[in-house]
1. What percent antiparallel are the DSSP beta bridges of the protein assembly as shown, to the nearest 5?
2. With an 8 Å Cα cut-off and a minimum separation of 6 or more residues, compute the relative contact order for region B:146-247 in percent.
3. Just checking the output field for C:83-90: average partner chain Cβ neighbours within 10 Å of each residue's Cβ?
4. In the structure shown, do any of A:LYS65/A:LYS382; A:LYS87/A:LYS279; A:LYS279/C:LYS141; A:LYS129/A:LYS166 have a Cα-Cα gap over 24 Å, and if so which?
5. May I ask you to give the average projected area over all directions of the convex hull of the Cα atoms of chain A, in nm² rounded to one decimal?
6. For the residue pair C:THR259 and B:ARG214, what label-to-label distance in nm results when each label sits 7 Å from Cα along the Cα-to-beta-carbon direction?
7. Suppose we keep just the alpha-carbon trace of region C:224-264; what are its Rg and Dmax in angstrom?
8. Can you work out the Karplus-derived ³J(HN,Hα) for every residue in region C:112-117? Use 6.51 cos²θ - 1.76 cosθ + 1.60 with θ = phi - 60°, whole Hz, and x for glycine or proline.
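The numbers here are math on the coordinates, done by the rules we state, and not lab data. Everything numeric in this text was worked out from a predicted model, so none of it was measured. Every residue, glycine among them, receives a Cβ derived from its backbone with ideal geometry; neighbour counts consider all protein chains shown.
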Amino acid sequence: MRAPIRAAALVAATALVAACSPTNQPSPEPYVPPRGVAETEIRLGTHQPLTGPASSYSRVALAMKAYFDHVNAHGGVHGRQIVLLIKDDGYNPATTQTVVRELVEQDEVFAIVGGLGTPTHSAVLDYLKEEQVPDLFVASGAGSWNQPARYPGTFGFQTDYTTEGKIVGHYLAEESAGETVCAFHQDDDFGREFVAGVEAGLGTPVALRQSYITSNTNVAPQVQAMQSAGCTVVVLATLPSFTAQVLRTADQLSFRPQFIASTAGSDYATVGAILGVDKALLEGLISTGYLPIATHPDDPWIALFQRILDEYGDGGEVDNNVVVGMSIAYLTVQVLQRAGREITVDGLITAIEEGEFRGPGLVPFAFSPTSHAGYSGGRMSKVTNGEQNYFGPAYVTDAGSAPVTEYTEPAAVPPPDGIPTP
Amino acid sequence: MRAFGQPTSPGARGAALGLVVLAAGVVATYALPGRLFAIGQVVAWLVAAAGLTILVGQSGQLSLGQAGFMATGAYAAALTQNALYAAGFTVSPPSGASGRFGASAAPTAAPWTLPVALLAGAAVAAAVGALLGLAAVRMRGAYLAGATLAFGLIVTPVTAVVDGLGGEQGLRVHVPRAPDPLGTAVGEGRVRVWVALVAAALVLAVLVAAVRGRWGRTLRAARDDEAAAALVGIPVARVRLAAFVVSAATAGLGGGLYVYLTGTVLPGYFGLTTSLFLLVAVVIGGAGRLVGVIGGTLFVVAVPIVTTEVMAAVNASPALQARLAGNAPLALLGLCLVLVTLARPGGRLAWLRRQVGVRRGARVGSPGVHGPGRDGTGGKPPTRHVPE
Amino acid sequence: MTRFLFLTIDGLAMGAVYATFALSLVLIWRAARIVNFAQAAISVAAVDVAWVVGSRVGGWWLGLLLAPLVGALLGVLMQRFTMRRLGPERHLDAIIVAIGVAMVVQAGLGMVFGLQYRPLPAPVSQTVLTVGGVPTLSPYKLVVLGAAALLGVGLALLFSRTALGLRLRASALAPEVARLLGVEVDRMTTLAWGLAAGVGAFAALLVLPTGPGLHPTAMDGVFITAFTAAVLGGLDSPVGAVVGGFAVGLVLNYVTGYTDEPNLAPIALLGLLLAVLLVRPNGVFAGPTIRRA
């Protein structure tokens, strides 16, 4: 059969010539889709605490999937349907090891998106790097996701705890001179990073630090210590259930400082649901945030999310978990769009590092070749007359020594069909 | 050809079991290439469970804190490994990283640092086991269970309080990557599982030999009747302590293997859930049975995976899926535990073994031929010899 | 001084809850020589069911009546369908079965009620009353203490003064002899399980209004601490369970309150447990040890 041999020789010759030719004349290589990318679909994976102690975050996964379903119904991205595989790790890092490996090795996903939890995701950072799997938009505020030299494929999403703490500290330095500022925090990296940020923004250490561990819900000793010390402002780095505990306990001890809570524990809907009849204790609570507040149905983004949830979700109300989940999904669609039809791992990373993605966030992302941190700041919020609203300007800073500066660009409006325009 | 009626030596039996496990494991890494990590987890947990089954079944001491010793060994191995790496005992990395990821390829630890780290892990766990054991040998039954439970619960607090252990985010561990000819031919993941298999084979071989020999008889004598054992001259407290230390050492080795498999160490790997799952593995396989604990460990690792996949195949609406499918694997696992334990007296594998034992006895002849030593380890349902 | 008083009083109030739950564990231990690992899950399930009714009519006070009844029913069901099939010697298997039951119950609660915390309000105020400048207890914590005390007295009377109590004790300590004397040992064992589960549910109803609320895992922490307390006091001794519960409540508060490092509390508990068991291997209030073949 001479024709195939001749064709083969031609191909071989072309390849030889291409290999030897100088690189200022790049010959177009045929596009080889990476693992997880096919003609009509792109597979993404995520690990989420659907059961176990962190199961109150379980709606994040549902929201991500609902948003991707919405995009798929409108043709997907570059003609590909987005398939999201959700695996439960029960907030147990050993299980995260197992399910993430299943996602990569058996389900052959292209990237991991929105992996949730600090201890859980820490377990798989190195594995994802070794397997060269893009690790996008980790749903945790730890600073570990911003290490571009060490983990080139990992990107954060949330404003990290230190950055957020700096903004709170800055606010306190400006507004609360003369107050005795104390801190009540979870006794782990979340708590410590947040309080470190507060002290950096404030310029001085806090007057008293008290902490808690999640296995003991009785926080009366700590609250009474703060009361005795005369704290007038208490900064909280707490999970929602412990925000509720400290508010209740303080009220029971007739201790009424100004509470300022990290966004991780201050979602009005979530904490309000836990407090039940004691919901009024949230009055006056100050916090920060960088996404639209879930209890504002008139916000165009919340309205969009509610429509999508009604059609593709569980028909419930939009809460903070839904806002986070859909925002992560929105950003994912944006980066997939920018990476192009002939998407590659390296190409995706470069696309993200170009930054400038506008969406529901109130502040910009810090993505660049030297930073893989997500949102770079936030805005202060306060609960007044049972409503949580933002006040003042948005601020941006970083986890390092950059100052806290105002960010004055107006928030973006969602596109009419809810799908980002490339 | 062996003389009629002469039992095989404990050492030979141990070696045989070790080789079988090694061979079966290697085959599994090729037969189930998508499940390499699960196989590795089975092997690492098997090492810890093997020691626990000896402690619980042969020595009659119930421990609910085996994961605490796994953590001790894991952190000791991790710190040793990192210290050796920092001291410069490295070699150039094998090829593999490309593109954006290639820029971060750093030297890898020298291969000999791995056994050193693993041994350090086992040794430190054994030392802690000896310390705790000094107190524990005086305790019985549920009191020992309570003390070991409390021990297992301090893992996360200790990592939070002591500097340098990385807290809840744990530590990244510079474990050696497989050297090039082996790594590229076989695959890094597979090499790690094989290393774990070799360790497990050795541990099983040694334990089988010891249990079927004099040490095992001493353990069982001290377990069954302390007063009689003391009268015969057996130092009961020391025997119990030895079993405790051995169990802790194997747990430490298992923990170190898990660190090697993942390249990380986190307190979350070694919580109460892990201790309880190890105990489940022990009981399902029949407490004291080293062959059984292999099946038991396979069971506790495989059932969650299977139940999750069964539920994933059931296509439900998103709302239903979130609540139902999210919790269903847990319910199915619990149901499996209850049914398997209720259905077979003495554990699933002990029942099977009794069937085999009956047939073998009938073939060879009267029981007296085999002598007391052999019969002491077979046949009887292990749960008769219950820790108090 | 104020701080010490506060930590002590608050610690005793929490201790009352641990004591009550520890009592439920001791009850089953004496009856069946088993530590019931499903106790936490069953307690929450009982309160969940009781609250479905109580949140609509009757409130917490009705729950106080309903939860122990539902708990007792669940305990009886568990014993009848699982534990009874195991027979008296299979203690290890019983632990595994209890773990399995706990998983099934917790998963079931997650499916039925969801995985968010649901508030369980207290029936009276939880504002702490200050006496002479020292913060003491809230009215609700007084209710907790009172209810736990009444329960303790009631159980003590039941076991020491009533014929039923005698039969229960006989079935636990000497089942063969009791059978010979006409005691229906099986029925007594079932009753003991029901009683223990009811007490556990009672303790859960007392403690859950002081926490974030109802959740399938809400009693896990209490179970572990109460188990430690029961072991400390001696699993055969109801008095030991009570003393152990109060001791543990105090230790947790003192360590958390004076070291500002709450992670030291579990470590301190281990230290206390080891120290006690070194000297008294069967707990502080150990009776004469009866060894079974």
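1. About 45 percent, rounded to the nearest 5.
2. In percent, rounded to a whole number, it is 10.
3. Across C:83-90, the average partner-chain Cβ count within 10 Å equals 3.
4. A:LYS65/A:LYS382; A:LYS87/A:LYS279; A:LYS129/A:LYS166
5. Hull-based average projected area comes out at 23.6 nm².
6. About 4.5 nm, to one decimal.
7. Gyration radius and largest Cα-Cα distance of region C:224-264: 11.2, 35 Å.
8. 7, 9, x, 10, 8, 6
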